[in-house]
1. Counting only Cα atoms, I'd like the Rg/Rh figure for the range 4-81, Kirkwood definition for Rh.
2. Antiparallel DSSP bridges in the chain: what percent, to the nearest 5?
3. Normalised by the residues of the chain, what does the relative contact order come to in percent, with Cα pairs under 8 Å and at least six apart?
4. How high is the relative contact order of the range 4-81? Use alpha-carbon pairs under 8 Å, at least six apart in sequence, and give a whole percent.
5. Would you mind telling me which residue in Ala135, Ala286, Ala69 has the biggest mean-square fluctuation in a Gaussian network model of the chain, where springs connect alpha carbons within a distance under 10 angstrom?
6. Taking Cα pairs under 8 Å and at least six residues apart, what relative contact order does the range 1-150 come out at, in percent?
7. Work out the FRET efficiency for Met72 and Leu229 from their Cβ-Cβ distance, taking R0 = 35 Å, and round it to the nearest 0.05.
8. Just the C-alpha atoms of the chain: what Rg/Rh do they give, with Rh taken as the Kirkwood radius?
Amino acid sequence: MLNYRQLHYFWVVAKTGSIVRACEQLNLTPQTISGQLSLLEQTYGVELFKRVGRQLELTETGRIALPYAEQMFQLGGDLEALLRAQPDEQQILFRVGVADVVPKSIVYRLIAPTMALSEPIRITCREGQLERLLADLAIQRLDLVISDSPMPPHLDIKGYSQKLGECGVSFFATAALAATFGQNFPHGMQGAPLLIPGQQTVVRSRLMRWFAEQNVQPKIVGEFDDSALMKAFGKSGSGVFIAPSVIADEVVEQYDVELIGQTDAVTESFYAISVERKVKHPGIVAITEGARRQLFTD
């Protein structure tokens with residue numbers, strides 16, 4: 001059976017980066033921590049750390065184990081806080097997984113209504129690839145997954161998708177690029193440097209098909225799974241980039257760029273995926289109702 005004390009020592013050493021700093025945090029001697037880590041490695045016949053000079057670095061096995069340990073001790077902390085809380089202070093835990101292709105501004109606007117609930121709520125957000133998040137949803141490590149696509153049909157996971165809404169896309173560029181490629185949209189974008197979402201996103205294929213229909217061939221200079229990183233490159237002047245039209249004003253202000261055009265022929269959709277067909281969790285209810293009444297309105 002897994003020794004949770006030894007696993008805790010592994011987790012603290014991995015997070016602090018050294019046995020010395022872990023000793024300071026745990027108030028233990030280096031011999032104690034080193035001995036317990038050795039026992040953990042011997043029990044399973046693996047190496048979790050390797051020494052590089054005077055530093056400890058995680059092995060591949062250690063890197064795989066760390067996220068699991070992190071989740072376990074985070075859940076343990078949540079449980080401890082729940083048990084220590086007075087009855088009138090207890091919070092509702094709301095664990096949300098966010099597919100890494102969903103723009104952060106959209107995620108914030110979707111989750112924001114939960115902060116106005118009358119019941120005290122504690123939100124935990126995790127970002128990652130959709131299939132891994134859905135696996136955690138299936139074993140109830142998550143209450144909800146927010147994605148740009150519904151539950152994939154090929155996954156043998158029980159889950160129900162609710163469409164939160166959809167919107168068109170807008171195109172943005174720095175003032176210098178807008179002056180060159182922002183006229184006569186979209187035909188003015190012929191040959192324009194373009195930053196596009198990665199192949200994991202649903203909108204990418206729709207975007208490229210739309211350009212083909214318009215007989216416009218921009219020059220793709222970057223592909224990004226992370227929409228925030230794509231916007232950062234766009235802000236630097238590396239190329240024209242897209243974002244959902246519902247956050248167009250925010251993108252212009254936050255990234256100091258200009259709106260050069262928009263289309264409803266290319267849409268982005270957003271979904272809430274849960275294990276409940278009939279949603280009962282107040283956090284999920286707040287997200288679905290808020291999306292339909294405030295964010296994705298006609």
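No lab work stands behind these numbers, since they all come straight from the coordinates. Everything quoted here is computed from the prediction, not taken from an experiment. Methodologically, a virtual Cβ is constructed for each residue, glycine included, from the backbone with ideal geometry; neighbour enumeration extends over all protein chains shown.
1. 0.96
2. Antiparallel bridges make up about 60 percent of those DSSP assigns within the chain.
3. The value is 21 percent.
4. For the range 4-81, the relative contact order is 28 percent.
5. Ala69
6. Result for the range 1-150 is 19 percent.
7. In this case the efficiency is close to 0.75.
8. Ratio value, two decimals: 1.06.
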